[in-house]
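Worksheet: one structure, shown below.
The values are calculated or read from the model by the stated rules, or taken from the named source; none is laboratory data. Note that the structure is a prediction, hence the values are computed from the model and not measured. Here the Cβ positions follow ideal geometry from the backbone for every residue, glycine too, while neighbour counts run over all protein chains shown. SASA here: full protein model, heavy atoms, side chains in, ligands and nucleic acids out. Shrake-Rupley method; radii C 1.70, N 1.55, O 1.52, S 1.80 Å.
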Amino acid sequence: MSPQEQSAPPAVWKSLDGIAYGGDYNPEQWPVSTRLEDLELMKEAGVTFLSVGIFSWGLLEPTEGTYDFGWLDEVLDNLATSGIKVALATATAAPPAWLVRKHPEILPVTADGTVLGPGSRRHYSPSSAVYRRYATGITRALAERYKDHPALALWHVDNELGCHVSEFYGDEDAAAFRAWLERRYGNIEALNASWGTAFWSQHYASFEEILPPGAAPSTLNPGQQLDFQRFSSWSLMDYYRTLLEVLRDVTPGVPATTNLMVSSATKSMDYFDWAKDLDVIANDHYLVAADPERQIELAFSADLTRGVAGGHPWILMEHSTSAVNWQPRNQPKMPGEMLRNSLAHVARGADAVMFFQWRQSFAGSEKFHSAMVPHGGRETRIFREVVGLGAALQKLAPVKGSRVESRVAVVFDYEAWWASEIDSKPSVDVRYLDLLRDFHRSLFLRGVSADFVHPSASLAGYALVLVCTLYNVTDAAAANIASAAREGATILVSYFSGIVDEQDHVRLGGYPGAFRDLLGVSVEEFYPLLAGSTAKLSDGGVGRVWSEHVHAAGAEVVSAFTEYPLEGAPALTRRSVGAGAAWYLATFPDRDGIEALVDRLLDESGVAAVAGADQGVELTRRRNADGTSFVFAINHSRTDATVRVAGTELLSGERFTGMVPAGAVAVVAED
Ligand code: GLA
C-alpha cells in the first residue's frame with residue numbers, strides 16, 4: 001500500500017464499473033442521424049463515461065433567459081438507455097455572445113491592459129460578479145433539469161480553469177486582489193512587513209493603494225508578485241466554489257470536479273490547494289510530439305496528478321487518440337502509442353481513460369485535432385485502436401481501486417515553483433522543475449515509482465525523500481522533512497532549498513536556513529555557474545548550473561568542488577540523523593552524476609525496482625487493500641523485452657511468458 005494518506009474513495013467510482021472509458025462528447029455539432037450512429041459506435045468501442053455540454057451554453061440559452069434543453073434531453077436519455085454515465089458540464093467555459101454584448105465588463109484584461117474579446121472561448125474573468133451571476137444561473141438551470149437523470153454521475157464544473165489565461169488585471173480583479181490581501185493580512189502594516197516595503201519607498205498607507213503587479217520600470221516587489229500568484233490561483237478556485245455551491249444545493253449527492261492540467265507546463269494553479277474542493281481529481285494531459293522522451297513527461301504528469309489526488313485513483317479526463325492541432329507540427333501517435341499512453345496513466349493511478357473528443361469536428365478551431373471517431377469514420381486505424389483500447393480496459397477491471405505502490409517521495413510545491421522563479425535571483429538557470437525532473441527521469445528509467453508529496457503532507461512510510469530547489473519553505477514543512485529523516489528515511493536536499501520562509505524573507509545566519517541543522521552544513525555564498533560552464537567534482541563528475549561555498553558543520557563530505565575559487569568546498573555531504581540520513585547536494589550533477597547519486601540513495605534506503613526488466617520498459621505496481629497486486633510493464637522500445645514477474649497477464653488472460661513484445665503492454669496479476 002502506498003504511504004500516501006488513505007481515506008475513503010471518492011463517491012463517483014460507485015457509479016462507474018471497471019476502468020471507465022470515453023471522452024468529451026459534443027453532440028450539438030451533429031444531426032440526429034450522426035448522434036444515433038454515435039450510440040452504435042460507442043457500444044462497439046466499449047464506452048462507459050462521457051463529459052457532455054462543456055461548451056454548450058450558447059445553444060442551451062440562445063438568448064437571455066430562454067432555454068433549449070431539447071437536444072440535451074435526447075442525448076442524455078439515449079446515453080442512459082445505452083448504460084453510459086455522464087460527467088455533465090456546467091457549460092460555463094465559453095460565455096454566449098448575448099452576454100458579452102450586454103456585459104463587456106466580464107472580459108479578461110491582461111497585464112498590459114489588453115481586453116481579450118469573444119470569438120474564441122474562456123473570455124471571462126473569474127472575479128467578475130456579473131459573470132458569476134450568469135454562470136450560476138445556467139448552472140442552476142442545468143442542475144434543476146437533470147438532478148434526477150439516471151445518466152448523471154459527476155458534475156464537470158466549467159473546463160480547464162486557468163487555461164489560456166490564468167491571471168487577470170482588470171479593475172474588478174484588482175479590487176478582488178485587495179480584498180484578498182485584506183483578509184490575508186488583516187491590516188496594512190502586516191502587509192508592509194511581509195512585502196518588505198521599507199525598501200524602494202514602497203510603503204502603503206491603505207489597501208486601496210495596491211494594484212496587481214502590472215507593467216513597471218523595473219522589477220516588482222517579490223511579495224506582491226508571489227501574493228498575486230496565490231490570489232490568481234485562489235480566485236479561479238473561488239469561482240469554482242461559487243458554482244459548486246449551486247450544485248451542492250440542488251444535487252447534494254452528486255460529486256463534482258473540474259479537469260486540471262497537471263503537467264510540466266502548468267505552473268499557475270496550486271493544485272494541491274485546489275484538491276481540497278474537488279470530490280475526485282480529474283486531469284487532462286497532452287503529449288508534446290517533438291519530445292523524444294514524451295513517455296517520461298507523461299509519467300511525471302500522471303505521478304503528480306496522483307500526488308494531488310492524495311494517492312486515490314483519478315480520472316484521466318482528456319488526452320488525444322493521435323495528433324493535436326495546437327503544436328507547431330502535429331505528428332500523429334505511432335501505432336500502439338495510444339494504448340501505451342492510456343495504460344501508462346492507468347499504471348500510475350488513473351481509473352478512467354478519456355479523450356478529447358468522441359467524434360472529430362468537421363468545422364471550427366479543432367477540426368484537425370484527433371478524436372475517437374476520426375474524419376475517416378469507422379474503418380480507420382484510430383477507431384480500430386479505440387475499440388482495442390476499450391477491450392483492453394474491460395480486462396483491467398480487477399485493477400480498479402488499487403493504489404500505486406511507491407517508497408520514494410519527491411517533495412513538490414507549486415509555491416516553491418512560483419517563488420523560486422520570480423525575477424532577481426542568483427541565476428536564471430535555476431528552474432524549479434529541472435533537477436526534480438532529472439531525478440524523476442532516473443527513477444522512471446530504473447522502474448522505481450515515486451510519489452509527489454506536498455512538503456506539509458505526511459512522509460511516513462517513505463524510505464527515500466528528494467527535496468529539490470524547495471526555495472521557500474514553512475517552519476512546519478521543514479520540521480516535517482527533518483522528522484522523516486529522524487524516523488529512518490534517507491533525505492536528499494538540493495541547493496537553493498530552505499533559503500526563505502513563506503513571506504520570501506531570507507532565513508539569516510547562513511544558507512540554507514531551514515535545513516542547516518538537519519544537513520550539518522552552512523553555505524556562505526552562492527557561485528552560480530556562467531552559461532554553459534561546469535564545475536569539476538572530486539568524484540570525477542561535473543556539476544552544472546550551480547556551485548556554492550559550503551562549509552561542513554557536522555556533515556561528512558562525500559565529494560567536493562576541485563577548482564578555483566571553491567577547491568575543497570563540499571559539493572555533496574551526508575549526515576546521519578536519528579534512524580535515517582540527510583544528504584546535501586550543492587550543484588546540479590550531469591546525467592551520469594545523477595545516475596550515480598540515485599544508485600547510492602536507492603542502495604542506502606533499500607528501495608528496489610518494481611521488477612527486473614530489459615531497458616525501455618516502464619514499470620509500476622498497483623496493489624489492492626487485500627494485498628493482490630498488478631505489475632504494469634510498458635515496452636516503449638522497438639524490440640521485445642524480458643520482465644521478471646510471475647502471474648497471469650490480464651490483457652491476454654494467459655500465464656505471463658516473461659516477454660513483452662516491442663511496443664506492447666503487459667499487466668500481470670501477480671501470483
Ligand atoms: C483542452 C480542452 C479541450 C480541447 C483540448 C485540445 O484540453 O479542454 O476542450 O480544446 O484541449 O487538445
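Of all the residues in segment 560-585, those that are under 14 Å from Ala535 (Cα atoms), within 34 Å of the chain's Cα centre (by Cα) and not aliphatic (A, V, I, L, M) number 0.
Evaluate segment 117-127: report whether one residue or more is outside the structural domain of Met354 (by TED's automatic domain parsing), open to solvent by less than 30 Å² (accessible area, probe 1.4 Å), out of contact with any helix residue (DSSP H, G or I) (no Cβ under 8 Å at 6 or more places or on another chain) and closer than 30 Å to Leu76 by Cα. Among the residues of segment 117-127, at least one is outside the structural domain of Met354 (by TED's automatic domain parsing), open to solvent by less than 30 Å² (accessible area, probe 1.4 Å), out of contact with any helix residue (DSSP H, G or I) (no Cβ under 8 Å at 6 or more places or on another chain) and closer than 30 Å to Leu76 by Cα, which makes the answer yes.
Yes or no: segment 391-414 includes at least one residue that is open to solvent by 10 Å² or more (accessible area, probe 1.4 Å), away from the ligand (no atom under 16 Å from the Cβ), more than 19 Å from Arg340 (Cα to Cα) and without any contact (Cβ under 8 Å) to a residue 40 or more places away in the chain. No, the conditions are met nowhere in segment 391-414.
When you check Glu366 against the structure, is it away from the ligand (no atom under 11 Å from the Cβ), farther than 18 Å from Gly18 by Cα and of a type in the set (D, E, K, R), yes or no? When the stated conditions are applied, Glu366 does not pass them. Among residues belonging to segment 265-279 that are over 20 Å from Val165 (Cβ atoms) and not charged (D, E, K, R), point out the one that is nearest to the ligand (Cβ to nearest atom). Going through the qualifying residues, I end up with Leu278. Mind checking whether some residue in segment 183-190 is surrounded by fewer than 19 Cβ atoms within 10 Å (Cβ to Cβ), part of a loop (DSSP other than H, G, I, E, B) and not polar (S, T, N, Q)? Taking every residue of segment 183-190 in turn, at least one turns out to be surrounded by fewer than 19 Cβ atoms within 10 Å (Cβ to Cβ), part of a loop (DSSP other than H, G, I, E, B) and not polar (S, T, N, Q).
For (1) open to solvent by 50 Å² or more (accessible area, probe 1.4 Å); (2) within 16 Å of the ligand (Cβ to nearest atom), each residue gets a yes or a no:
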residue: Thr63; (1), (2): yes, no
residue: Trp71; (1), (2): no, no
residue: Val75; (1), (2): no, no
residue: Leu79; (1), (2): no, no
residue: Ile84; (1), (2): no, no
residue: Ala87; (1), (2): no, yes
residue: Thr90; (1), (2): no, yes
residue: Pro96; (1), (2): no, no
residue: Arg101; (1), (2): yes, no
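Against the numbered list (1) surrounded by 22 or more Cβ atoms within 10 Å (Cβ to Cβ); (2) not in a loop (DSSP other than H, G, I, E, B), Asp158 comes up short only at (2). Each residue in segment 586-598 was checked for being in a helix (DSSP H, G or I) and over 27 Å from the mean Cα position of the chain (by Cα), and 3 pass.
The set of residues in segment 191-215 being under 33 Å from the mean Cα position of the chain (by Cα) and part of a loop (DSSP other than H, G, I, E, B) consists of Gly196, Ile210, Leu211, Pro212, Pro213, Gly214, Ala215. Taking the listed residues Val386, Val428, the one that is touching a helix residue (DSSP H, G or I) at 6+ places or on another chain (Cβ under 6 Å) and either exposed (fewer than 15 other Cβ atoms within 10 Å of the Cβ) or within 17 Å of Thr321 (Cα to Cα) (or both) is Val386, with no other qualifying. Pairs meeting the criteria (first residue in segment 294-322 and without any contact (Cβ under 8 Å) to a residue 12 or more places away in the chain, second residue in a loop (DSSP other than H, G, I, E, B), beta carbons under 8 Å, at least 6 apart or on different chains) are Arg294/Leu287; Arg294/Val288. State all residues of segment 310-337 that are in contact with a strand residue (DSSP E or B) (Cβ under 9 Å, 6 or more places away or on another chain), more than 14 Å from the ligand (Cβ to nearest atom) and not in a loop (DSSP other than H, G, I, E, B); if no residue qualifies, say none. Within segment 310-337, Trp314 is the sole residue that qualifies. The strands (runs of 3 or more DSSP E) found entirely in segment 499-585 that carry 1 or more residues being buried (at least 23 other Cβ atoms within 10 Å of the Cβ) are 521-526, 542-544, 548-552, 570-577, 580-585. With respect to being crowded, with 18+ Cβ neighbours inside 10 Å, in a helix (DSSP H, G or I) and modelled with pLDDT of 95 or more, Ala143 fits the description. Note on segment 286-303: residues that are within 16 Å of the ligand (Cβ to nearest atom) and either among the hydroxyl-bearing types (Ser, Thr, Tyr) or within 15 Å of Ala347 (Cα to Cα) (or both) amount to 5. Of all residues in segment 338-361, how many are within 16 Å of the ligand (Cβ to nearest atom) and not basic (Lys, Arg)? Final tally of qualifying residues: 14. Residues in segment 14-55 that are on the phi > 0 side of the Ramachandran plot and open to solvent by 10 Å² or more (accessible area, probe 1.4 Å) were compared, and the one that is nearest to the ligand (Cβ to nearest atom) is Gly46. Restricting attention to segment 161-176, the residues that are surrounded by fewer than 22 Cβ atoms within 10 Å (Cβ to Cβ) and within 11 Å of the ligand (Cβ to nearest atom) add up to 2.
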